[in-house]
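So the structure is just underneath, and the comments pick up after that.
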Amino acid sequence: MSNYTYRDYRPGDEIALNKIYKDTFLEFMDPAIEPEGVENFLKAIQPEVIIQRLIEGKRSIIVAECKTGIVGAVETKDGNHISMLFIDKSHHRQGIAKELMLQAINRFREINPNLQTIILNSSKYAIPFYEKLGFVCTGPERKRNSVLSTPMEMNVSNQMT
Ligand SMILES: CC(C)(COP(=O)(O)OP(=O)(O)OC[C@H]1O[C@@H](n2cnc3c(N)ncnc32)[C@H](O)[C@@H]1OP(=O)(O)O)[C@@H](O)C(=O)NCCC(=O)NCCS
């Protein structure tokens with residue numbers, strides 16, 4: 001049986017999420033990132049900013065936890081966009097990100113059974129992971145808010161849930 005369980009965000013989770021987002025980003029970010037990019041990212045993951053994103057709507061967070069607490073999360077927006085995916089380093093390669101992605105994709109498809117594509121902007125590090133799931137790069141790496149990412153998408157129109 002898996003050591004991990006998955007559930008929706010609950011108020012208070014933003015503290016643990018901030019730590020996982022921050023520690024994982026700083027460890028796996030592209031070394032070429034500009035200081036301003038790091039600063040912008042750290043601002044975007046402040047606990048109050050996470051809450052604000054959820055209040056503004058069309059966003060949700062699914063968290064993965066084990067007996068020690070939250071170990072990873074996926075944030076979604078707009079019914080077809082994966083916007084954050086971070087797994088604590090000591091829990092990598094346990095299938096957590098894949099399960100979070102499957103759950104997020106199934107949610108999208110429950111809301112819109114005719115959904116055609118899921119989109120995201122990948123860090124350089126995560127591209128091989130997303131490719132394993134079936135995503136393909138749809139353009140060159142680009143810089144937004146001083147953070148580099150590559151646009152990717154996956155066609156889900158023929159997939160079974
Ligand atoms: C990328 C990341 C989310 C993957 O999380 P994970 O929980 O370790 O991934 P999983 O264990 O679910 O892996 C699923 C599959 O992808 C493969 N995979 C995972 N990370 C990989 C990597 N860095 N390179 C190549 N393949 C990878 C696994 O081997 C597995 O393959 P399998 O299904 O054939 O066994 C995690 O490494 C992470 O948090 N990275 C830093 C933050 C980041 O870059 N996030 C993305 C922001 S866009």
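FYI, it's all coordinate maths here, none of it is from the lab. Note that the coordinates shown come from a computational prediction; the quantities given were computed from them, not determined experimentally. In this analysis, Cβ positions are derived from the backbone assuming ideal geometry, glycine residues included, and neighbour counts consider all displayed protein chains.
So for the chain, taking the charge dipole from beta-carbon charges (+1 Lys/Arg, -1 Asp/Glu), which of 100, 12, 145 sits furthest toward the positive end?
Most positive-ward Cα: 100.
Among 90, 133, 71, whose Cα sits farthest toward the positive end of the charge dipole of the chain (+1 at Cβ of Lys/Arg, -1 at Cβ of Asp/Glu, about the Cα centre)?
133
For residue 127 and residue 3, what is the calculated FRET efficiency with R₀ set at 22 Å and r taken between the beta-carbons, to the nearest 0.05?
Details: r = 27 Å, r/R0 = 1.23.
The value I calculate is 0.20.
Could you give the dipole magnitude of the chain about its Cα centre, charging the beta-carbon of Lys and Arg +1 and that of Asp and Glu -1, in debye to the nearest 20? Could the numbers behind the result be given before it?
Working: 20 positive and 20 negative charges, 56 e Å.
With only Lys, Arg, Asp and Glu charged at Cβ, the dipole is about 260 debye.
Could you pull out every one of the aspartates and glutamates with an alpha carbon less than 19 Å from that of residue 143, ignoring same-chain neighbours closer than 8 positions?
30, 34, 36, 39, 153
Considering the alpha-carbon set of the chain alone, what are its Rg and its Dmax in angstrom?
Both quantities, over Cα of the chain: 15.1, 43 Å.
How many nm separate the modelled label positions at residue 22 and residue 114, each set 7 Å beyond the Cα in the direction of the Cβ?
A separation of 4.5 nm, rounded to one decimal place.
Any aspartates and glutamates with Cα under 12 Å of the residue 58 Cα? List them, leaving off those in the same chain fewer than 8 positions away.
Answer for residue 58, where 12 Å is the Cα cut-off: 75, 78, listed by chain and number.
For the pair residue 56/residue 98, report the inter-label distance in nm, with labels modelled 7 Å from Cα in the Cβ direction.
With each label point 7 Å from Cα toward Cβ, the separation is 3.3 nm.
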